[in-house]
Amino acid sequence: MPQATVLIAESERALQELWRQQLGLWGMNLRFIPNPQTIWKGPELAFVSWLIMDAAEGFAHVPRVLASSATLQIILLSWDREICEFSPPIPRVHIYPKSCLKNLQVFANLFFVPSHFAQ
């Protein structure tokens, strides 16, 4: 299994704990940013393999973030099913409904499918 550093921009403690439970099973290096707005001002993105955040807070920043890193993978989560279903495909961006947080298979497919690492 790849050892990936995952930056999770999440302010809710309950969701942070859910991420710890889900991704901790695979021994991933997790870093939490409790205030998602600070992520765009700091150097954190240069040192991570994956960024996970709410689509409402991150969608507008995707083009700039992708341009700053050739390998960063972004997972955007949303309660709005239309965002998940009708957003155009963007390389290295994965958009899922927040309801999938409890589905380990979704994350196994994302983090351990070799095509996601070949950029």
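Select from region 8-31 the residues that are more than 22 Å from residue 80 (Cβ to Cβ), in contact with a Ser or Thr (Cβ under 9 Å, 6 or more places away or on another chain) and not basic (Lys, Arg) and list them in ascending order. Full working, then the answer.
Kept after step one, since they are more than 22 Å from residue 80 (Cβ to Cβ), are these residues of region 8-31: 13, 17, 20-21, 23-31.
So of that shortlist, the ones also in contact with a Ser or Thr (Cβ under 9 Å, 6 or more places away or on another chain) come out as 28-31.
Selection gives 28, 29, 30.
Criterion first (of a type outside the set (Gly, Ala, Ser) and touching a helix residue (DSSP H, G or I) at 6+ places or on another chain (Cβ under 8 Å)) does residue 72 satisfy it? Spelling it out, residue 72 is indeed of a type outside the set (Gly, Ala, Ser) and touching a helix residue (DSSP H, G or I) at 6+ places or on another chain (Cβ under 8 Å).
Within region 33-68, restricting attention to residues that are acidic (Asp, Glu) and closer than 22 Å to residue 98 by Cα, the residue that is nearest to the chain's Cα centre (by Cα) is 54.
Here is a yes/no grid of residues against (1) touching a residue at least 24 places away in the same chain (Cβ under 8 Å); (2) among the polar types (S, T, N, Q); (3) in contact with a His (Cβ under 8 Å, 6 or more places away or on another chain); (4) surrounded by fewer than 18 Cβ atoms within 10 Å (Cβ to Cβ):
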residue: 9; (1), (2), (3), (4): yes, no, no, no
residue: 12; (1), (2), (3), (4): no, no, no, yes
residue: 16; (1), (2), (3), (4): no, yes, no, yes
residue: 37; (1), (2), (3), (4): no, yes, no, yes
residue: 66; (1), (2), (3), (4): yes, no, no, yes
residue: 74; (1), (2), (3), (4): yes, no, yes, no
residue: 78; (1), (2), (3), (4): yes, yes, no, no
residue: 82; (1), (2), (3), (4): no, no, no, yes
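Count of region 53-63 residues, restricted to those that are in contact (Cβ under 8 Å) with a residue 24 or more places away in the chain and touching a helix residue (DSSP H, G or I) at 6+ places or on another chain (Cβ under 8 Å), is 6.
Residues checked against (1) at pLDDT below 80; (2) surrounded by 12 or more Cβ atoms within 10 Å (Cβ to Cβ):
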| position | (1), (2) |
| --- | --- |
| 52 | no, yes |
| 59 | no, yes |
| 69 | no, yes |
| 91 | no, no |
| 94 | no, yes |
| 100 | no, yes |
| 110 | yes, yes |
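The values are calculated or read from the model by the stated rules, or taken from the named source; none is laboratory data. In this text the structure is predicted, and so the values were computed from the model without any measurement. Neighbour counts are summed over all protein chains in view; Cβ atoms, including those assigned to glycine, are modelled from backbone coordinates with ideal geometry.
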